[in-house]
Amino acid sequence: SESISVPMIPLGLKETKELDLLVPLKDFISEHYGEESVLFEKEIKEFMDLRQAMRTPSRNEAGLELLMEYYNQLHFLDSRFFPPTKPLGVFFHWLKAVEGPLTFPPTVCGETFDVGAELSLPVGGKAARFPKSAPPAHKPSGYQEPLPPAGAFNYLKENFSNAPSLDMSAASLTMLVRLMVAQVQECVFEKMTLLCSHNDFLARLQLAQEAAKVEDVYSLVHQTMTQPHVKDYVPFSWITMVHVKSEHFKALSHYFAAIALCDCPVASESELPEQEKAFLQFHVTIPEGPSLRVLLQDPEERRKLGKAHLKKAIMKHEEAMRIHGLCKILRKMDILQEVLSFAHKRSLSKYSEIDHEEDFFETGDAPDIHPKTHQKPEIKPPNFSQVKVTDLFHRLGPLSVFSAKNKWYPARRVHLRRGENGFGFTLRGDSPVLIAGVIPGGCAAEAGLKEGDYIISVNSKDCRWAKHAEVVQLLRSTGDTGVDIGVITLQGSEGPKAVDKKAAGMSSGSGMLKSNKENSRKSLMNSKSSTLLVWSKKSKRSKKSSYSGVPFTAVGDNEAMY
(Lines give C-alpha, C1' and ligand atoms only; values in the text may rest on other atoms or scores of the structure.)
Protein backbone atom coordinates (compact mmCIF):
# COMPACT_ATOMS: atom_id res chain seq x y z
CA SER A 1 0.00 0.00 0.00
CA GLU A 2 2.86 2.40 0.69
CA SER A 3 4.01 2.08 -2.92
CA ILE A 4 1.12 4.31 -4.06
CA SER A 5 2.75 7.55 -5.12
CA VAL A 6 1.60 11.08 -5.75
CA PRO A 7 1.78 11.92 -9.49
CA MET A 8 4.55 14.24 -10.69
CA ILE A 9 4.26 17.40 -12.77
CA PRO A 10 5.51 16.57 -16.29
CA LEU A 11 7.37 19.07 -18.45
CA GLY A 12 6.49 18.68 -22.09
CA LEU A 13 8.89 19.41 -24.92
CA LYS A 14 8.69 22.76 -26.65
CA GLU A 15 7.47 22.89 -30.23
CA THR A 16 9.14 24.76 -33.05
CA LYS A 17 8.34 25.55 -36.66
CA GLU A 18 10.25 24.33 -39.67
CA LEU A 19 13.01 26.64 -40.84
CA ASP A 20 14.57 26.96 -44.30
CA LEU A 21 18.14 28.21 -43.91
CA LEU A 22 19.39 27.41 -47.42
CA VAL A 23 18.98 30.85 -49.03
CA PRO A 24 20.07 33.11 -46.13
CA LEU A 25 23.15 31.01 -45.31
CA LYS A 26 24.19 30.74 -48.96
CA ASP A 27 23.82 34.50 -49.38
CA PHE A 28 25.94 35.13 -46.29
CA ILE A 29 28.64 32.72 -47.45
CA SER A 30 28.85 34.51 -50.80
CA GLU A 31 28.73 38.04 -49.39
CA HIS A 32 30.76 37.72 -46.20
CA TYR A 33 33.18 34.87 -46.89
CA GLY A 34 33.53 35.38 -50.64
CA GLU A 35 33.13 31.66 -51.28
CA GLU A 36 31.08 29.76 -53.85
CA SER A 37 27.96 29.16 -51.76
CA VAL A 38 26.85 26.22 -53.89
CA LEU A 39 29.82 24.29 -52.51
CA PHE A 40 28.30 24.47 -49.01
CA GLU A 41 24.80 23.23 -49.80
CA LYS A 42 25.62 19.83 -48.30
CA GLU A 43 26.60 21.35 -44.96
CA ILE A 44 23.50 23.57 -44.86
CA LYS A 45 21.25 20.62 -45.59
CA GLU A 46 22.98 18.55 -42.91
CA PHE A 47 22.28 21.24 -40.33
CA MET A 48 18.64 21.54 -41.43
CA ASP A 49 18.24 17.76 -41.14
CA LEU A 50 19.69 17.91 -37.62
CA ARG A 51 17.24 20.64 -36.67
CA GLN A 52 14.34 18.66 -38.14
CA ALA A 53 15.30 15.59 -36.12
CA MET A 54 15.66 17.71 -33.00
CA ARG A 55 12.01 18.78 -33.25
CA THR A 56 10.82 15.33 -32.21
CA PRO A 57 13.55 13.72 -30.10
CA SER A 58 13.01 10.38 -28.43
CA ARG A 59 12.55 10.59 -24.66
CA ASN A 60 15.69 8.65 -23.80
CA GLU A 61 19.46 9.01 -23.76
CA ALA A 62 19.62 9.00 -27.57
CA GLY A 63 17.20 11.92 -27.69
CA LEU A 64 19.25 13.77 -25.11
CA GLU A 65 22.44 13.28 -27.15
CA LEU A 66 20.62 14.57 -30.24
CA LEU A 67 19.60 17.74 -28.41
CA MET A 68 23.12 18.24 -27.08
CA GLU A 69 24.56 17.79 -30.58
CA TYR A 70 22.18 20.40 -31.95
CA TYR A 71 22.90 22.74 -29.04
CA ASN A 72 26.66 22.51 -29.69
CA GLN A 73 26.22 23.10 -33.43
CA LEU A 74 24.26 26.26 -32.63
CA HIS A 75 27.36 27.79 -31.08
CA PHE A 76 29.25 27.26 -34.35
CA LEU A 77 26.30 28.57 -36.37
CA ASP A 78 26.07 31.67 -34.18
CA SER A 79 29.79 32.43 -34.62
CA ARG A 80 29.76 31.76 -38.37
CA PHE A 81 26.60 33.50 -39.54
CA PHE A 82 25.26 35.97 -36.99
CA PRO A 83 27.29 39.22 -36.95
CA PRO A 84 26.82 41.39 -33.87
CA THR A 85 25.90 44.51 -35.87
CA LYS A 86 23.85 43.22 -38.80
CA PRO A 87 20.83 40.89 -38.50
CA LEU A 88 20.79 37.87 -40.75
CA GLY A 89 17.01 37.95 -41.09
CA VAL A 90 16.57 34.44 -39.69
CA PHE A 91 14.13 33.89 -36.82
CA PHE A 92 13.71 30.73 -34.78
CA HIS A 93 10.05 30.31 -33.86
CA TRP A 94 9.28 28.47 -30.64
CA LEU A 95 6.19 27.86 -28.57
CA LYS A 96 6.49 28.69 -24.90
CA ALA A 97 7.10 25.80 -22.53
CA VAL A 98 3.65 25.91 -20.95
CA GLU A 99 1.23 27.91 -23.03
CA GLY A 100 1.00 31.20 -24.87
CA PRO A 101 1.81 32.76 -28.24
CA LEU A 102 4.86 32.16 -30.36
CA THR A 103 8.08 33.91 -29.47
CA PHE A 104 10.47 35.24 -32.08
CA PRO A 105 14.02 35.44 -30.70
CA PRO A 106 16.09 37.65 -33.01
CA THR A 107 19.30 35.60 -32.74
CA VAL A 108 20.58 32.14 -32.10
CA CYS A 109 20.81 33.05 -28.39
CA GLY A 110 17.05 32.68 -28.25
CA GLU A 111 17.35 29.28 -29.89
CA THR A 112 19.99 28.31 -27.34
CA PHE A 113 17.63 29.38 -24.55
CA ASP A 114 14.87 27.09 -25.69
CA VAL A 115 17.07 24.19 -26.67
CA GLY A 116 18.70 24.36 -23.25
CA ALA A 117 15.28 24.13 -21.65
CA GLU A 118 14.32 21.32 -23.98
CA LEU A 119 17.57 19.59 -23.14
CA SER A 120 16.45 19.28 -19.54
CA LEU A 121 13.13 17.73 -20.42
CA PRO A 122 14.09 14.22 -21.57
CA VAL A 123 15.62 13.66 -18.12
CA GLY A 124 13.39 16.17 -16.34
CA GLY A 125 11.15 13.46 -14.96
CA LYS A 126 13.84 10.79 -14.77
CA ALA A 127 13.35 10.26 -11.08
CA ALA A 128 9.61 10.76 -11.49
CA ARG A 129 8.78 8.44 -14.38
CA PHE A 130 10.35 5.18 -13.25
CA PRO A 131 8.14 2.58 -11.52
CA LYS A 132 8.57 3.76 -7.96
CA SER A 133 7.20 0.53 -6.52
CA ALA A 134 10.17 -1.39 -7.95
CA PRO A 135 12.73 -2.88 -5.57
CA PRO A 136 15.55 -0.49 -4.58
CA ALA A 137 18.10 -2.49 -6.54
CA HIS A 138 16.14 -1.72 -9.72
CA LYS A 139 16.02 2.02 -9.20
CA PRO A 140 17.75 4.08 -11.91
CA SER A 141 20.83 6.06 -11.07
CA GLY A 142 18.81 9.27 -10.93
CA TYR A 143 18.80 9.01 -7.14
CA GLN A 144 22.57 9.22 -6.92
CA GLU A 145 23.41 11.46 -9.86
CA PRO A 146 23.34 15.27 -9.90
CA LEU A 147 19.92 16.67 -10.82
CA PRO A 148 19.97 17.08 -14.64
CA PRO A 149 16.87 19.25 -15.24
CA ALA A 150 17.50 21.63 -12.34
CA GLY A 151 21.09 21.98 -13.53
CA ALA A 152 19.93 22.80 -17.07
CA PHE A 153 17.43 25.43 -15.92
CA ASN A 154 19.98 26.90 -13.53
CA TYR A 155 22.52 27.03 -16.39
CA LEU A 156 20.04 29.03 -18.47
CA LYS A 157 19.34 31.42 -15.62
CA GLU A 158 23.02 32.11 -14.99
CA ASN A 159 24.18 32.37 -18.61
CA PHE A 160 21.38 34.20 -20.45
CA SER A 161 20.22 37.54 -19.08
CA ASN A 162 17.84 38.65 -21.86
CA ALA A 163 14.90 36.25 -21.77
CA PRO A 164 13.05 35.99 -25.11
CA SER A 165 9.82 34.96 -23.36
CA LEU A 166 8.24 34.74 -19.92
CA ASP A 167 8.98 31.03 -19.54
CA MET A 168 12.70 31.83 -19.86
CA SER A 169 12.70 34.73 -17.38
CA ALA A 170 14.83 34.50 -14.26
CA ALA A 171 11.75 34.17 -12.05
CA SER A 172 10.31 31.34 -14.16
CA LEU A 173 13.61 29.48 -14.33
CA THR A 174 14.03 29.81 -10.57
CA MET A 175 10.59 28.29 -10.18
CA LEU A 176 11.46 25.39 -12.51
CA VAL A 177 14.75 24.73 -10.68
CA ARG A 178 12.93 24.54 -7.36
CA LEU A 179 10.19 22.35 -8.81
CA MET A 180 12.72 19.86 -10.16
CA VAL A 181 14.56 19.80 -6.82
CA ALA A 182 11.28 19.22 -4.97
CA GLN A 183 10.28 16.32 -7.21
CA VAL A 184 13.63 14.62 -6.77
CA GLN A 185 13.41 15.24 -3.02
CA GLU A 186 10.06 13.48 -3.13
CA CYS A 187 11.69 10.51 -4.84
CA VAL A 188 14.32 10.39 -2.10
CA PHE A 189 11.49 10.14 0.43
CA GLU A 190 9.82 7.35 -1.52
CA LYS A 191 13.09 5.49 -1.72
CA MET A 192 13.33 5.65 2.06
CA THR A 193 9.81 4.25 2.48
CA LEU A 194 10.97 1.13 0.65
CA LEU A 195 14.13 0.78 2.72
CA CYS A 196 12.80 1.79 6.13
CA SER A 197 12.43 -0.87 8.81
CA HIS A 198 8.90 -0.83 10.26
CA ASN A 199 10.00 -1.40 13.87
CA ASP A 200 13.05 0.87 13.89
CA PHE A 201 12.32 4.00 15.94
CA LEU A 202 15.21 6.04 14.50
CA ALA A 203 14.34 5.02 10.94
CA ARG A 204 10.75 6.18 11.42
CA LEU A 205 11.92 9.50 12.81
CA GLN A 206 14.19 9.88 9.81
CA LEU A 207 11.29 9.13 7.46
CA ALA A 208 9.16 11.77 9.18
CA GLN A 209 11.94 14.33 8.75
CA GLU A 210 12.33 13.40 5.08
CA ALA A 211 8.59 14.00 4.59
CA ALA A 212 8.95 17.35 6.37
CA LYS A 213 11.80 18.21 4.00
CA VAL A 214 9.61 17.43 0.99
CA GLU A 215 6.91 19.66 2.46
CA ASP A 216 9.48 22.39 2.99
CA VAL A 217 10.74 22.41 -0.62
CA TYR A 218 7.21 22.23 -2.06
CA SER A 219 6.18 25.18 0.12
CA LEU A 220 9.06 27.12 -1.41
CA VAL A 221 7.94 26.11 -4.92
CA HIS A 222 4.36 27.21 -4.15
CA GLN A 223 5.66 30.52 -2.83
CA THR A 224 7.66 31.02 -6.04
CA MET A 225 4.74 30.05 -8.30
CA THR A 226 2.44 32.62 -6.70
CA GLN A 227 4.77 35.54 -7.39
CA PRO A 228 3.16 38.28 -9.57
CA HIS A 229 5.16 37.65 -12.76
CA VAL A 230 4.99 33.87 -12.50
CA LYS A 231 1.44 33.01 -11.42
CA ASP A 232 -0.09 34.59 -14.54
CA TYR A 233 1.70 32.12 -16.79
CA VAL A 234 1.96 28.96 -14.66
CA PRO A 235 -1.12 26.72 -15.05
CA PHE A 236 -3.50 26.77 -12.10
CA SER A 237 -3.27 22.97 -11.97
CA TRP A 238 0.50 23.23 -11.30
CA ILE A 239 0.01 25.71 -8.49
CA THR A 240 -2.73 23.59 -6.96
CA MET A 241 -0.74 20.36 -7.28
CA VAL A 242 2.26 21.89 -5.52
CA HIS A 243 0.02 23.25 -2.76
CA VAL A 244 -1.65 19.84 -2.34
CA LYS A 245 1.74 18.15 -2.09
CA SER A 246 2.93 20.63 0.50
CA GLU A 247 -0.04 19.83 2.77
CA HIS A 248 0.09 16.11 1.97
CA PHE A 249 3.73 15.67 2.95
CA LYS A 250 3.28 17.77 6.07
CA ALA A 251 0.54 15.33 7.06
CA LEU A 252 2.84 12.40 6.31
CA SER A 253 5.58 13.83 8.50
CA HIS A 254 3.20 13.90 11.48
CA TYR A 255 1.84 10.46 10.63
CA PHE A 256 5.28 8.82 10.62
CA ALA A 257 6.17 10.65 13.84
CA ALA A 258 3.12 9.07 15.44
CA ILE A 259 4.06 5.64 14.07
CA ALA A 260 7.55 5.98 15.57
CA LEU A 261 6.09 6.83 18.98
CA CYS A 262 3.20 4.35 19.05
CA ASP A 263 4.35 1.30 17.07
CA CYS A 264 8.08 1.08 17.77
CA PRO A 265 9.23 -0.63 21.00
CA VAL A 266 10.49 1.39 23.95
CA ALA A 267 14.23 1.91 23.91
CA SER A 268 16.52 -0.14 26.06
CA GLU A 269 19.05 1.53 28.35
CA SER A 270 21.79 1.12 25.74
CA GLU A 271 19.61 2.57 22.95
CA LEU A 272 18.24 5.46 25.00
CA PRO A 273 21.16 7.96 24.60
CA GLU A 274 21.07 7.72 20.79
CA GLN A 275 17.29 8.07 20.71
CA GLU A 276 17.40 11.05 23.06
CA LYS A 277 19.92 12.78 20.82
CA ALA A 278 17.82 12.15 17.71
CA PHE A 279 14.57 13.19 19.37
CA LEU A 280 16.13 16.37 20.73
CA GLN A 281 16.66 17.51 17.11
CA PHE A 282 13.41 16.08 15.80
CA HIS A 283 10.91 18.84 16.60
CA VAL A 284 11.13 22.50 15.72
CA THR A 285 10.20 23.26 19.33
CA ILE A 286 10.48 20.92 22.33
CA PRO A 287 7.11 19.22 23.12
CA GLU A 288 5.34 20.25 26.31
CA GLY A 289 5.26 17.73 29.12
CA PRO A 290 7.80 15.46 30.75
CA SER A 291 11.51 15.30 29.94
CA LEU A 292 12.69 13.50 26.84
CA ARG A 293 13.97 10.54 28.84
CA VAL A 294 10.62 10.06 30.56
CA LEU A 295 8.76 10.61 27.31
CA LEU A 296 10.78 7.98 25.44
CA GLN A 297 10.50 5.38 28.22
CA ASP A 298 6.85 5.89 29.17
CA PRO A 299 4.45 4.18 26.69
CA GLU A 300 1.53 6.33 27.82
CA GLU A 301 3.41 9.60 27.25
CA ARG A 302 4.49 8.32 23.84
CA ARG A 303 0.84 7.52 23.03
CA LYS A 304 -0.30 11.02 24.01
CA LEU A 305 2.28 12.74 21.82
CA GLY A 306 1.60 10.28 19.00
CA LYS A 307 -2.11 11.08 19.23
CA ALA A 308 -1.33 14.79 18.95
CA HIS A 309 0.73 14.15 15.82
CA LEU A 310 -2.08 12.08 14.29
CA LYS A 311 -4.59 14.82 15.03
CA LYS A 312 -2.42 17.28 13.12
CA ALA A 313 -1.87 14.76 10.32
CA ILE A 314 -5.64 14.33 9.87
CA MET A 315 -6.13 18.09 9.72
CA LYS A 316 -3.45 18.43 7.03
CA HIS A 317 -4.85 15.49 5.03
CA GLU A 318 -8.25 17.16 5.02
CA GLU A 319 -6.70 20.46 3.95
CA ALA A 320 -4.90 18.72 1.07
CA MET A 321 -8.17 17.13 -0.05
CA ARG A 322 -9.98 20.48 0.16
CA ILE A 323 -7.36 22.23 -2.01
CA HIS A 324 -7.42 19.31 -4.44
CA GLY A 325 -11.16 19.76 -4.90
CA LEU A 326 -10.72 23.37 -6.04
CA CYS A 327 -9.05 22.35 -9.32
CA LYS A 328 -11.17 20.74 -12.02
CA ILE A 329 -8.14 19.18 -13.75
CA LEU A 330 -6.85 17.55 -10.56
CA ARG A 331 -10.31 16.19 -9.72
CA LYS A 332 -10.09 14.14 -12.92
CA MET A 333 -6.86 12.48 -11.77
CA ASP A 334 -8.12 9.31 -10.12
CA ILE A 335 -4.70 8.24 -8.84
CA LEU A 336 -4.19 11.54 -6.99
CA GLN A 337 -7.61 11.25 -5.37
CA GLU A 338 -6.77 7.67 -4.42
CA VAL A 339 -3.47 8.64 -2.81
CA LEU A 340 -4.97 11.45 -0.75
CA SER A 341 -7.93 9.35 0.33
CA PHE A 342 -5.74 6.39 1.29
CA ALA A 343 -3.39 8.50 3.41
CA HIS A 344 -6.33 10.20 5.14
CA LYS A 345 -8.06 6.90 5.99
CA ARG A 346 -4.77 5.44 7.22
CA SER A 347 -4.31 8.30 9.69
CA LEU A 348 -7.94 8.07 10.84
CA SER A 349 -7.58 4.35 11.38
CA LYS A 350 -4.44 4.78 13.45
CA TYR A 351 -6.05 7.54 15.50
CA SER A 352 -9.03 5.31 16.30
CA GLU A 353 -6.65 2.52 17.26
CA ILE A 354 -4.76 4.53 19.88
CA ASP A 355 -7.74 6.58 21.10
CA HIS A 356 -9.07 5.31 24.42
CA GLU A 357 -12.57 5.93 25.75
CA GLU A 358 -11.17 6.88 29.15
CA ASP A 359 -9.00 9.63 27.64
CA PHE A 360 -10.20 12.73 29.47
CA PHE A 361 -7.19 14.86 28.60
CA GLU A 362 -7.39 17.33 25.77
CA THR A 363 -5.13 16.34 22.92
CA GLY A 364 -2.43 18.98 22.65
CA ASP A 365 -0.97 20.61 19.59
CA ALA A 366 2.02 18.64 18.33
CA PRO A 367 5.03 20.78 17.37
CA ASP A 368 6.14 20.77 13.75
CA ILE A 369 8.89 18.41 12.67
CA HIS A 370 12.30 19.73 11.77
CA PRO A 371 12.90 19.14 8.01
CA LYS A 372 16.03 17.14 7.31
CA THR A 373 17.24 15.04 4.42
CA HIS A 374 20.02 12.50 4.25
CA GLN A 375 20.38 12.82 0.47
CA LYS A 376 20.22 16.37 -0.79
CA PRO A 377 19.88 16.66 -4.59
CA GLU A 378 23.00 18.10 -6.21
CA ILE A 379 22.57 20.73 -8.90
CA LYS A 380 25.21 20.74 -11.61
CA PRO A 381 25.15 22.32 -15.07
CA PRO A 382 24.69 19.99 -18.04
CA ASN A 383 27.91 18.61 -19.50
CA PHE A 384 27.59 19.63 -23.15
CA SER A 385 31.14 18.49 -23.87
CA GLN A 386 30.13 14.85 -23.44
CA VAL A 387 28.72 14.98 -26.97
CA LYS A 388 31.57 15.81 -29.34
CA VAL A 389 30.68 17.61 -32.57
CA THR A 390 32.64 18.93 -35.53
CA ASP A 391 31.81 22.34 -36.93
CA LEU A 392 29.74 21.59 -40.04
CA PHE A 393 31.17 24.67 -41.75
CA HIS A 394 34.81 24.09 -40.79
CA ARG A 395 35.82 24.42 -44.46
CA LEU A 396 35.24 28.16 -44.14
CA GLY A 397 38.36 28.30 -41.98
CA PRO A 398 39.31 28.66 -38.29
CA LEU A 399 36.77 30.61 -36.26
CA SER A 400 39.53 32.76 -34.75
CA VAL A 401 39.66 34.59 -38.09
CA PHE A 402 36.81 33.40 -40.30
CA SER A 403 33.78 34.33 -38.23
CA ALA A 404 30.77 36.59 -38.60
CA LYS A 405 32.25 39.26 -36.33
CA ASN A 406 35.42 39.70 -38.44
CA LYS A 407 35.68 41.46 -41.77
CA TRP A 408 38.55 41.26 -44.19
CA TYR A 409 39.59 42.72 -47.52
CA PRO A 410 39.28 40.57 -50.65
CA ALA A 411 41.90 37.83 -50.88
CA ARG A 412 45.09 38.73 -52.74
CA ARG A 413 47.42 36.44 -54.63
CA VAL A 414 51.06 37.44 -54.40
CA HIS A 415 53.85 35.92 -56.47
CA LEU A 416 57.01 35.77 -54.39
CA ARG A 417 60.56 34.86 -55.35
CA ARG A 418 63.16 33.94 -52.78
CA GLY A 419 66.08 36.33 -52.66
CA GLU A 420 69.63 35.78 -51.48
CA ASN A 421 68.59 36.44 -47.89
CA GLY A 422 65.30 34.56 -48.04
CA PHE A 423 61.75 35.77 -48.54
CA GLY A 424 62.06 38.61 -46.06
CA PHE A 425 59.18 38.08 -43.63
CA THR A 426 58.46 36.74 -40.16
CA LEU A 427 55.77 34.11 -39.61
CA ARG A 428 53.87 33.33 -36.44
CA GLY A 429 51.12 31.00 -35.26
CA ASP A 430 48.99 28.26 -36.76
CA SER A 431 45.69 27.93 -38.58
CA PRO A 432 46.07 30.33 -40.26
CA VAL A 433 49.72 31.40 -40.20
CA LEU A 434 50.24 35.13 -39.68
CA ILE A 435 52.83 37.32 -41.36
CA ALA A 436 54.05 39.10 -38.25
CA GLY A 437 56.78 41.20 -39.85
CA VAL A 438 58.07 42.25 -43.28
CA ILE A 439 61.69 43.38 -43.88
CA PRO A 440 61.67 46.78 -45.61
CA GLY A 441 63.10 46.46 -49.10
CA GLY A 442 62.99 42.66 -48.97
CA CYS A 443 61.35 40.29 -51.44
CA ALA A 444 58.10 40.07 -49.45
CA ALA A 445 57.78 43.85 -49.17
CA GLU A 446 58.42 44.33 -52.88
CA ALA A 447 55.79 41.70 -53.74
CA GLY A 448 53.18 43.55 -51.69
CA LEU A 449 52.94 41.45 -48.54
CA LYS A 450 52.11 43.34 -45.36
CA GLU A 451 52.39 42.82 -41.68
CA GLY A 452 49.11 41.38 -40.44
CA ASP A 453 48.38 39.33 -43.58
CA TYR A 454 47.13 35.77 -43.05
CA ILE A 455 48.36 33.07 -45.43
CA ILE A 456 45.35 31.17 -46.78
CA SER A 457 47.03 29.31 -49.64
CA VAL A 458 50.42 28.36 -51.03
CA ASN A 459 50.53 27.45 -54.73
CA SER A 460 46.71 27.05 -54.69
CA LYS A 461 46.85 24.63 -51.74
CA ASP A 462 44.40 25.71 -49.02
CA CYS A 463 46.31 26.66 -45.88
CA ARG A 464 43.53 28.02 -43.66
CA TRP A 465 43.88 25.06 -41.29
CA ALA A 466 47.58 24.46 -41.96
CA LYS A 467 50.04 24.32 -39.08
CA HIS A 468 53.12 26.50 -39.01
CA ALA A 469 55.43 23.63 -39.98
CA GLU A 470 53.21 22.68 -42.93
CA VAL A 471 53.32 26.18 -44.39
CA VAL A 472 57.09 26.29 -43.88
CA GLN A 473 57.48 22.99 -45.72
CA LEU A 474 55.42 24.28 -48.65
CA LEU A 475 57.56 27.41 -48.84
CA ARG A 476 60.77 25.39 -48.65
CA SER A 477 59.73 23.23 -51.59
CA THR A 478 59.51 26.20 -53.95
CA GLY A 479 61.90 26.34 -56.89
CA ASP A 480 63.50 29.13 -58.86
CA THR A 481 60.15 30.11 -60.38
CA GLY A 482 58.89 31.35 -57.02
CA VAL A 483 55.67 30.71 -55.16
CA ASP A 484 52.09 32.01 -55.29
CA ILE A 485 50.83 32.97 -51.83
CA GLY A 486 47.17 33.76 -51.14
CA VAL A 487 46.65 36.20 -48.26
CA ILE A 488 43.88 38.15 -46.58
CA THR A 489 44.02 41.19 -44.31
CA LEU A 490 41.48 41.73 -41.53
CA GLN A 491 39.88 45.15 -41.63
CA GLY A 492 41.11 47.26 -38.75
CA SER A 493 44.23 45.14 -38.17
CA GLU A 494 46.33 46.11 -41.17
CA GLY A 495 49.44 48.21 -41.00
CA PRO A 496 52.66 48.17 -38.97
CA LYS A 497 51.12 49.83 -35.91
CA ALA A 498 48.42 47.19 -35.53
CA VAL A 499 50.83 44.32 -35.97
CA ASP A 500 53.43 45.89 -33.68
CA LYS A 501 50.77 46.26 -31.03
CA LYS A 502 49.67 42.66 -31.48
CA ALA A 503 53.24 41.40 -31.45
CA ALA A 504 53.97 43.33 -28.28
CA GLY A 505 50.96 41.77 -26.62
CA MET A 506 51.87 38.28 -27.78
CA SER A 507 55.45 38.48 -26.60
CA SER A 508 55.15 40.47 -23.38
CA GLY A 509 57.36 39.01 -20.68
CA SER A 510 59.49 37.12 -23.20
CA GLY A 511 62.49 39.41 -22.86
CA MET A 512 62.02 41.28 -26.14
CA LEU A 513 64.20 44.34 -26.54
CA LYS A 514 62.98 47.78 -27.39
CA SER A 515 61.92 48.43 -30.94
CA ASN A 516 64.95 50.12 -32.43
CA LYS A 517 67.35 49.06 -35.15
CA GLU A 518 70.36 48.36 -32.97
CA ASN A 519 68.52 46.34 -30.32
CA SER A 520 66.46 44.49 -32.91
CA ARG A 521 69.68 43.35 -34.63
CA LYS A 522 71.19 42.34 -31.29
CA SER A 523 68.06 40.39 -30.38
CA LEU A 524 68.08 38.52 -33.65
CA MET A 525 71.75 37.60 -33.43
CA ASN A 526 72.05 36.76 -29.75
CA SER A 527 68.67 35.66 -28.39
CA LYS A 528 68.70 31.92 -27.71
CA SER A 529 64.89 31.78 -27.55
CA SER A 530 64.41 33.17 -31.06
CA THR A 531 64.58 31.15 -34.22
CA LEU A 532 66.22 32.85 -37.19
CA LEU A 533 65.98 31.11 -40.53
CA VAL A 534 67.42 32.67 -43.67
CA TRP A 535 67.00 30.71 -46.85
CA SER A 536 69.23 31.50 -49.80
CA LYS A 537 70.03 29.88 -53.10
CA LYS A 538 73.49 28.97 -51.77
CA SER A 539 74.11 26.33 -49.17
CA LYS A 540 75.96 28.87 -47.02
CA ARG A 541 75.20 32.50 -46.40
CA SER A 542 77.49 34.94 -48.13
CA LYS A 543 79.86 36.82 -45.90
CA LYS A 544 78.49 40.02 -47.40
CA SER A 545 74.93 39.27 -46.23
CA SER A 546 73.59 41.78 -43.78
CA TYR A 547 70.70 41.96 -41.35
CA SER A 548 70.51 45.72 -41.59
CA GLY A 549 67.15 45.44 -43.26
CA VAL A 550 65.47 43.61 -40.38
CA PRO A 551 62.28 45.41 -39.23
CA PHE A 552 62.25 47.07 -35.86
CA THR A 553 60.04 44.44 -34.23
CA ALA A 554 61.99 41.67 -32.57
CA VAL A 555 61.43 37.99 -33.31
CA GLY A 556 59.54 36.29 -30.46
CA ASP A 557 59.58 32.76 -29.15
CA ASN A 558 56.89 31.54 -31.51
CA GLU A 559 58.06 33.47 -34.57
CA ALA A 560 60.52 32.58 -37.32
CA MET A 561 62.06 34.72 -40.06
CA TYR A 562 62.25 33.48 -43.64
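Things worth noting here:
- In segment 311-359, trypsin sites (Lys or Arg not before Pro) in a DSSP loop with at most 15 other beta-carbon atoms within 10 Å: K332
- Over 25 Å between alpha carbons, listed pairs K14/K372; K407/K450; K231/K372; K14/K250: K14/K372; K231/K372; K14/K250
- Alpha carbon convex hull of segment 197-381, volume per residue in cubic angstrom: 150 Å³
- Quarter of the Cα convex hull surface for segment 1-90, i.e. its orientation-mean projected area (nm²): 8.3 nm²
- Equivalent ellipsoid semi-axes - Cα gyration tensor, segment 429-487, angstrom: 17, 15, 9
- Taking every protein chain into account, the accessible area of segment 407-490 amounts to 44 square angstrom per residue (probe 1.4 Å).
- Residues whose placed amide H lies under 5 Å from that of W408, excluding near-sequence neighbours: Q491
- Solvent-accessible area, 1.4 Å probe, carbon plus sulfur percent, for segment 1-81: 50 percent
- Accessible carbon and sulfur surface of segment 396-466 relative to its total accessible area, %, 1.4 Å: 50 percent
- Rg over Rh for segment 381-494 works out to 1.06, using Cα positions for both radii and the Kirkwood form for Rh.
- Unsatisfied cross-links (Cα-Cα over 18 Å) in the set K213/K332; K42/K86; K213/K376; K316/K345; K245/K350: K213/K332; K42/K86; K245/K350
- Residues with amide H under 5 Å from that of V433, placed H, sequence gap 5 or more: I455
The values are calculated or read from the model by the stated rules, or taken from the named source; none is laboratory data. Small disclaimer: the values here were computed from a predicted structure and weren't measured. No Cβ is skipped: glycine too gets one built from the backbone with ideal geometry, and neighbour counts run over all protein chains shown. Each accessible area value is taken on the protein alone, full model and side chains, heavy atoms only, with ligands, DNA and RNA left out. Shrake-Rupley method; radii C 1.70, N 1.55, O 1.52, S 1.80 Å.
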